[in-house]
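Participant: Take a look at this one; I'll ask things after.
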Amino acid sequence: MFSKQTERAQRLAELLQREIGDELRAVVYYSTDTELFQDSGTYELVYLRGDETVPTEQTELKTVMEATGMESLGRTIRHQHGDHDTLNFVVKNYDTVTETFFFLSACEGVAVSLEPSVFISKNPLMDDCLAALVL
């Protein structure tokens, strides 16, 4: 059973499992009490593809990173820029993985690891943009 804090991450994992199946690699809930969230904080591995016994206890950063194949679990750029409102999520698309970071508050969020083609293949506009750039 997941903690109260990770229930939202579990709902997201269930939604993504229904929508994209095995293209979902991992879902990680994270929290911190510092503004700079790079290598500190707590992590709960909510979902890991192909693993029937996902640990629900807090997990070391290195273990989570190795299990998910994620490039980083950093806070990325979650502060206000100019007249923009609050940043809600960030998508990072690499050759080997797509990472999406959903910010739940200033100190907690959910990181999702996907197959690299998922975000693009589910979004025709992004396909068109990449084609125009010949990437």
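Values in this text are rule-based calculations from the coordinates and carry no lab data. This structure is a prediction, so every number in the text was calculated from the model and none was measured. Here Cβ is always computed from backbone atoms with ideal geometry, including for glycine, and neighbour counts include all displayed protein chains.
Participant: Subtract the Cα-Cα distance of residue 20 and residue 105 from 0.36 nm times their separation in residues, and report this length gain in nm to one decimal. Before the final figure, lay out each step's value.
Facilitator: Numbers: separation 85, 0.36 × 85 = 30.60 nm, distance 2.60 nm.
Computed gain between residue 20 and residue 105 is 28.0 nm.
Participant: While we're on this one: Under 5 Å between amide H atoms, partner at least 5 residues away or on a different chain: which partners does residue 46 have, H built in plane at 1.01 Å?
Facilitator: Long-range HN contacts for residue 46: 27, 28, 29.
Participant: Under a crude label model (7 Å from the Cα following the beta-carbon direction), how far is residue 5 from residue 42 in nanometres?
Facilitator: Placing both labels 7 Å along Cα→Cβ, they lie 0.4 nm apart.
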